[in-house]
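Please treat every number below as a calculation from the coordinates, not as lab data. This one's a predicted model, so the numbers in the text were calculated from it and none came from an experiment. Methodologically, a virtual Cβ is constructed for each residue, glycine included, from the backbone with ideal geometry; neighbour enumeration extends over all protein chains shown.
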Amino acid sequence: MSQLTVSLYRYNPESDQKPRMQEFQLDLPEGKDLMVLDVLALLKEQDTSITYRRSCREGVCGSDGMNISGKNGLACITSLSQVVKNNKLVLRPLPGLPVIRDLVVDMSLFYKQYERIQPYLINNSPVPSIERLQSPEDRAKLDGLYECILCACCSTSCPSFWWNPEKFVGPAGLLQAWRFLADSRDQATEERLAKLDDPFSVFRCRGIMNCVNVCPKGLNPTKAIGHIRSMLLKQAT
Amino acid sequence: MKTNRPVNMDLTTIRLPITAIASILHRISGIVLFVGTAFLIWALGLSLSSAQGFEQVSQLISSVFWFKFIIWGTLAALGYHLVAGVRHLLMDLGLGETKESGALGSQISLVVGVLLAILAGVWLW
């Protein structure tokens, strides 16, 4: 048995005026590298009021994004050996979004920015009797973009999004904006670019690259934003 | 429903990767440069006002530590700001945009920035 101290962000809207950190002691089984989500399940056995989101527990649904010892990540695919230092683990909700309770945040702003980029194919040509076909090369352009699970780890680690969540689309939304701009079947390129052509939506990105650093799926919003910027520039000249 | 919800935004609890450190230093060095330039222009104006003023400034540089220190600080900020700016230009060309190359680019900027600061110090003292 090894001991782990977990410092957990607690906030109950019905009884707490302010959030607080609560410490828990946990005995960990020897010879096993638990995931952070397993630790939360063990804590919930001690205190059933602990609240967090989870669903698939294997990094596919994107529900359990949280700030794990200072770095955003998915609790279900982050092992203790990656994040625990001096037998201490700190769990806080995703930064910058309103906290509903404990580790559960209100993602409305994040979804609003996602909705803004029209995350669906726009093609007004008559629907063919088979699928809209793509060459393997065109399809390959969507790799590294379509895999996003909207866990919000990137956008909530982005200082530009912290200070301007209403105006800056944020890394997650912009990765998806590029995903549809890059799609050979999409016909709304100009319309999409026109909606992004202002000082905030895209250009608030300062290349800090926190998004790239935290993405649990290894995606690269910074690069996608660079592509959108180049497109906006070309269109302007 | 509660409307005034708290927000987890305690910067001391958030770990910044090296790319973020390089970025915030770019901004800080820009502010230092802005303030430092005002100081340098004032010193230039004084030195150009008369032979007496020139004498005064050259005396301040050689005898007052903080005077020299401000000049050094401005030069160091200029050095780093320039290097980080060039890195931004390279990133606009698509270089150093991956997780690994981004970290490498930040490391290089920081090391070159420190070297330039040392060189400025050697030149001044």
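Measuring how big the range A:127-234 is from its alpha-carbon positions, Rg and Dmax come out at 14.3, 47 Å.
Along its three principal directions, the equivalent ellipsoid of the range A:35-181 from the Cα gyration tensor extends over semi-axes of 34, 18, 14 Å, largest first. Summing Cβ point charges (Lys, Arg +1; Asp, Glu -1) relative to the Cα centre of the range A:36-129 gives a dipole of roughly 240 debye. The residue A:44 and residue B:24 beta-carbon pair, evaluated with R₀ = 30 Å, returns a calculated FRET efficiency of approximately 0.20. The long axis of helix B:51-63 is offset from the longest Cα principal axis of chain B by roughly 60 degrees. Compared with the rule-of-thumb size 2.2 N^0.38 Å for a compact globular protein, the protein assembly as shown has a Cα radius of gyration ratio of 1.22. Listed as lacking a disulfide-compatible partner in chain A: A:76, A:148, A:151, A:153, A:158, A:205, A:215, by the criterion of no other cysteine Cβ under 4.7 Å. Helix A:171-181 sits at what angle to the longest principal axis of chain A, using alpha carbons and giving 0 to 90 degrees rounded to 10? The angle comes out near 30 degrees. Pick from A:183, A:102, A:138 the residue whose mean-square fluctuation is largest in a GNM of chain A, springs joining Cα atoms under 10 Å. Looking only at A:183, A:102, A:138, the biggest GNM fluctuation is shown by A:138.
Calculated mean residue ellipticity, 222 nm, the protein assembly as shown: -15000 deg cm²/dmol, from DSSP H runs (n ≥ 4) at -39500 (n - 2.57) each, averaged per residue and rounded to 500.
Got the relative contact order for chain A handy, in percent, Cα pairs under 8 Å and 6 or more residues apart?
18 percent
Angle of helix A:221-236 to the longest C-alpha principal axis of chain A, folded into 0 to 90 degrees and rounded to 10: 20°.
From the alpha carbon centroid of the range A:162-186 to that of the range A:37-114 is 24 Å. Under 13 Å from a label point set 7 Å out along the Cα-to-Cβ vector of residue A:146, the amide N atoms of the range A:182-199 belong to A:182-186.
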